[in-house]
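Novice: Submitted below is the structure of interest, expressed as structure tokens.
The values are calculated or read from the model by the stated rules, or taken from the named source; none is laboratory data. Values in this document were obtained by computation on a predicted structure and should not be read as measured data. Note that each Cβ is placed from the backbone with ideal geometry, even for glycine, and that neighbours are counted across all protein chains shown. The protein model used for the area step is the full one, side chains on, heavy atoms only, and it has no ligands, DNA or RNA in it. Shrake-Rupley method; radii C 1.70, N 1.55, O 1.52, S 1.80 Å.
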Amino acid sequence: MNIRPFDFSEADYQAFAAVREAAHPEAPLDMAQMKHLDRTRGQSDIMERFLLEQAGQVVGVLEYATPYYDPRPGALEVRYHLRPEAQALEAPLWEFLLAQLAPHQPRELQAQVRENWPEFRFLLTQGFAEVERRWESVLDLQHFDAHPFIRPLPPGIALRPLGELPWQEVAFQQALYELEIELLGDVPSREPITPWPFEVWRERTLQDPNLLPEGYFLALEGPKMVGVTMLFRSNRPQTLRTGLTGVRASHRRQGIAWALKLRAIEFARSYGVRYIRTSNHQINRPMLAINEALGFVKEPAAVFLRLSPVPQRPG
Ligand SMILES: CC(C)(COP(=O)(O)OP(=O)(O)OC[C@H]1O[C@@H](n2cnc3c(N)ncnc32)[C@H](O)[C@@H]1OP(=O)(O)O)[C@@H](O)C(=O)NCCC(=O)NCCS
């Protein structure tokens, strides 16, 4: 077995995607998103990625990095995948990883895996503990009927897509950022997240290659933004992916989330896709209630794992 650094060439991205496809054909890599995440890494972020070769073929991938969505100090997020025929290389790959980590002296390691993946069982045997779970779920629009869900919008509320609003203007972007940060703070999860600074959010969200300004909806009360839902392009065939959905606390339980979700579904249909995917914390009852009623079907959960303290190996 030979382990070499990832060189960020197109060939290495393709090799990474091929391993992921072989390991988890049901969850293929979103290459456009991966490249965007790589391009928008902060200067002080740690990010090391490796390819594992056997007999000249790339059979595994490994990476550790400053957590992208919650960059807390001292934490590194670990990700690896192996082709099924190379699964036995898990243990030596793990030893390699621990030795590589030594100079960084992380206080904790994080990982996000599906509950049915071999990585889940292996990381548990290495001492990782489960922190929380998210349901990945999918709605098939072929047989979806919106009629039972349609209700009038509360007076004074209008729904508009980003594409019809001045979203290139900084003042508008700041208001949108403020809305999203407030709503993210309200998402029920085990631990509060560390929000991105405005400039980082702007680059990562508004320059996301999967952004669809016509599929990103705001609920407005006059000029005030009170709710949001958004659909992004997906690497999966016939699919759009849901981002954040939320309504300000002052405007909840008036049917605004229903209206936003139905508007997004209507957009997805006109865009010509069959599926909408989403991901929700298992303790987020309000959001799950909406998605369950709409008919989203749950897949194996995504589990967030943590290891602390991190075992020491000579670097
Ligand atoms: C989830 C959320 C978007 C719902 O917004 P909302 O505008 O209040 O929702 P609606 O008024 O359209 O309600 C739709 C349905 O959601 C469910 N629901 C909403 N709030 C609920 C609550 N507190 N408890 C249980 N069910 C709830 C109900 O089924 C409701 O239907 P009903 O009114 O017929 O009972 C809102 O609570 C929110 O912004 N939460 C914080 C952000 C968040 O967690 N977003 C999801 C991240 S993936």
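Novice: Rounded, prolate or oblate: which fits the stretch 145-294 when a ≥ b ≥ c are the square roots of the eigenvalues of the alpha-carbon gyration tensor, with rounded for a/c under 1.5 and prolate only if a/b beats b/c?
Specialist: Note, shape of the stretch 145-294 comes out rounded.
Novice: Ignoring ligands, DNA and RNA, please state the percent of accessible area on the stretch 176-315 from carbon and sulfur, probe 1.4 Å.
Specialist: C and S atoms contribute 55 percent here.
Novice: Mind giving me the nanometre distance, one decimal, between the label points for GLU203 and ALA55, set 7 Å out from Cα along Cα→Cβ?
Specialist: Roughly 4.3 nm, to one decimal.
Novice: To the nearest 10 degrees, how steep is helix 10-23 against the longest Cα principal axis of the chain, on a 0 to 90 scale?
Specialist: 90 degrees
Novice: Tell me, in nm to one decimal, what length is gained between ILE46 and ALA91 on full extension, where the rule is 0.36 nm per residue of separation less the Cα-Cα distance? Before the final figure, lay out the partial values.
Specialist: Values: separation 45, 0.36 × 45 = 16.20 nm, distance 2.33 nm.
Extra length from ILE46 to ALA91 when fully extended: 13.9 nm.
Novice: Now for a different question. With a ≥ b ≥ c taken as the square roots of the eigenvalues of the C-alpha gyration tensor of the stretch 87-134, please select rounded if a/c is under 1.5 and otherwise prolate if a/b is larger than b/c or oblate if it is not? Don't skip to the answer; put the middle values down first.
Specialist: On the way: a/c = 2.65, a/b = 1.27, b/c = 2.09.
Note, shape of the stretch 87-134 comes out oblate.
Novice: Once both labels are modelled 7 Å past Cα along the beta-carbon direction, what's the LYS35-GLU21 spacing in nm?
Specialist: 1.6 nm
Novice: What are the ³J(HN,Hα) couplings of the stretch 264-278, residue after residue, when phi is run through the Karplus curve with 6.51, -1.76, 1.60 and θ = phi - 60°? Round to Hz, x for glycine and proline.
Specialist: 5, 5, 4, 4, 4, 4, 5, 6, x, 9, 9, 10, 10, 10, 8
Novice: Further question on the same structure: Under a crude label model (7 Å from the Cα following the beta-carbon direction), how far is GLN100 from LEU153 in nanometres?
Specialist: Output for this residue pair reads 4.9 nm.
Novice: Please list, in order along the stretch 72-89, the HN-Hα scalar couplings obtained from phi with the Karplus expression 6.51 cos²θ - 1.76 cosθ + 1.60 (θ = phi - 60°), rounded to whole Hz, x for Gly and Pro.
Specialist: The phi angles translate into 7, x, x, 9, 10, 9, 10, 9, 8, 9, 10, 4, x, 6, 10, 4, 5, 7 Hz.
Novice: Determine the shape class of the chain: with a ≥ b ≥ c the square roots of the Cα gyration tensor eigenvalues, call it rounded for a/c under 1.5, and otherwise prolate if a/b is greater than b/c, oblate otherwise.
Specialist: The shape class here is prolate.
Novice: Mind grabbing the accessible area of GLU90 for me, 1.4 Å probe, Å², rounded to tens?
Specialist: Result for GLU90: roughly 30 Å² accessible.
Novice: Further, regarding this structure: So what are the ³J(HN,Hα) numbers for the stretch 170-178, from phi and the Karplus equation (6.51, -1.76, 1.60; θ = phi - 60°), rounded to whole Hz, Gly and Pro as x?
Specialist: Once θ is set to phi - 60°, the couplings for the stretch 170-178 become 4, 4, 5, 4, 5, 5, 5, 4, 4 Hz.
Novice: To the nearest 500 deg cm²/dmol, what mean residue ellipticity at 222 nm is calculated for the chain from DSSP H runs of n ≥ 4 alone, each contributing -39,500 (n - 2.57), summed and divided by the residues?
Specialist: So the helix-based figure for the chain works out to -8500 deg cm²/dmol.
Novice: What does the accessible area of TRP258 come to, in Å² to the nearest 10, when a probe of 1.4 Å is used?
Specialist: Counting only protein heavy atoms, TRP258 exposes about 40 Å² to solvent.
Novice: Another question, if that's okay. Averaged per residue, what accessible surface does the stretch 9-106 expose to a 1.4 Å probe, in Å²? Don't skip to the end; give the middle numbers.
Specialist: Numbers: 4110 Å² over 98 residues.
Result: 42 Å² of accessible area for each residue.
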